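Structure record follows, encoded as structure tokens.
The values are calculated or read from the model by the stated rules, or taken from the named source; none is laboratory data. These numbers were taken from a predicted model, which means no experiment stands behind them. Glycine gets a Cβ as well: all are built from the backbone with ideal geometry, and neighbour counts include every protein chain shown.
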Amino acid sequence: MAGFAAWGRTIRSALVAGLAAASAWGAPALAQPAMWAVKDADSTIYFLGTVHLLKPETEWRTEKLEAALAEAKELWLELPTTNPEKMAGEMMVLVGRYGMSPRRRLSADLTPEEMTTLDEAAKLANLTAAQLDFFRPWFAAITISSSAMTHAGYDPASGVDSKIEAIFGERGISPKGLETPEQQIKVFAGMSREAELEYLRQTIADYREASVELDRMVANWASGDIAAMEEMFVTEMKKEDEALYDALLTKRNANWVVEIEEMLKGSGTVFIAVGAGHLIGPDSVLAMLGAKGIKAERVQ
């Protein structure tokens, strides 16, 4: 996701999300993030799998990527913008509606030991467990996850989606969104209370290791290692929570495919940049297009 990004274990380690090549895992000699193209007689659609947070020093742009960006006259992201200032008003309303729960506090469902761990994790966001007590479990989890990432040096403003939006913005092209912020948030807000609490428990149990997971994920993404990314982004998540997997990936991918089919009825060149987890695996956007006879070729 662009607004609240991630998938599988990555949800707990890289939210706000769906990542530095220069990391403890080492940077690849040549960055080559995976990109694909779908073409028909009069149109081309490029697909780039992204990560939503990066360290500012991360290098990821290649000659072929630059060429595709220059060729495209239209940009589609998960959301209509990655700019938090442009979304601030809407997000405040949505968080108030879907992220707060003053009548059913976290302390009513978490053990004293879990509240202590929550308090320790909340310090990353300069908050306390008492302040998070009014949050719904899913929103408390995302607050901790995103804070853990920024604390480790990862920055949404340096994320691929944000940078690509800026590149097109220099040409006066504003992005279009495959979904709305409310649709994204409702993926989490639509979970049962029990599922939300499990998500929060996993988050506070793992938050100390979040940056290590993210480093590993970035190294795989930057080198274009599809098999490794599928294991991290897709396989692990499906094993851990198939319902969440369906909500975060399968159902959203299916909705996006409908939109992409409409794009192909037009002409010209379009660039689509979405979280890498949406473009790999058996339930990916590209797999669903393939099932409809629309073949994507990887741009090598």
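Conditions tested, residue by residue: (1) at pLDDT below 95; (2) surrounded by 17 or more Cβ atoms within 10 Å (Cβ to Cβ); (3) of a type outside the set (D, E, K, R).
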position: GLU71; (1), (2), (3): no, no, no
position: LEU79; (1), (2), (3): no, yes, yes
position: ARG103; (1), (2), (3): yes, no, no
position: LEU132; (1), (2), (3): no, yes, yes
position: THR150; (1), (2), (3): yes, no, yes
position: LYS163; (1), (2), (3): no, yes, no
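Of all residues in the range 237-246, how many are surrounded by fewer than 18 Cβ atoms within 10 Å (Cβ to Cβ) and under 16 Å from the mean Cα position of the chain (by Cα)?
Start the filter on the range 237-246 by keeping residues that are surrounded by fewer than 18 Cβ atoms within 10 Å (Cβ to Cβ), which leaves 239-240, 242-243, 246.
Add one more test, that the residue is under 16 Å from the mean Cα position of the chain (by Cα), and what stays is 246.
Total meeting the criteria: 1.
Kindly check whether there is at least one residue in the range 107-118 that is in a strand (DSSP E or B) and modelled with pLDDT of 95 or more. Talk me through it step by step, then tell me what you get.
First, pick out the residues of the range 107-118 that are in a strand (DSSP E or B): none.
No, there is no match, as no residue in the range 107-118 is in a strand (DSSP E or B) and modelled with pLDDT of 95 or more.
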Item to check | Count of residues meeting criterion [farther than 11 Å from PHE134 by Cβ, small (Gly, Ala, Ser) and crowded, with 16+ Cβ neighbours inside 10 Å] in the range 83-101 | outcome: 0
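Considering only the range 203-217, state which residues are at pLDDT 90 or above and not hydroxyl-bearing (Ser, Thr, Tyr). Before you say what the answer is, go through the steps one by one.
Within the range 203-217, the first condition is being at pLDDT 90 or above, and the residues that meet it are 203-205.
Within the range 203-217, ILE204, ALA205 qualify.
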Checklist entry - If you check VAL234 against the conditions, is it surrounded by 15 or more Cβ atoms within 10 Å (Cβ to Cβ), under 26 Å from LEU69 (Cα atoms) and touching a Ser or Thr at 6+ places or on another chain (Cβ under 9 Å)? => result no
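Restricting to the range 185-219, what's the tally of residues that are surrounded by fewer than 23 Cβ atoms within 10 Å (Cβ to Cβ) and assigned to a helix (DSSP H, G or I)?
The total comes to 23.
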Checklist entry - Do you know which residues across the range 282-300 are part of a helix (DSSP H, G or I) and surrounded by 12 or more Cβ atoms within 10 Å (Cβ to Cβ)? => result VAL285, LEU286, ALA287, MET288, LEU289, GLY290
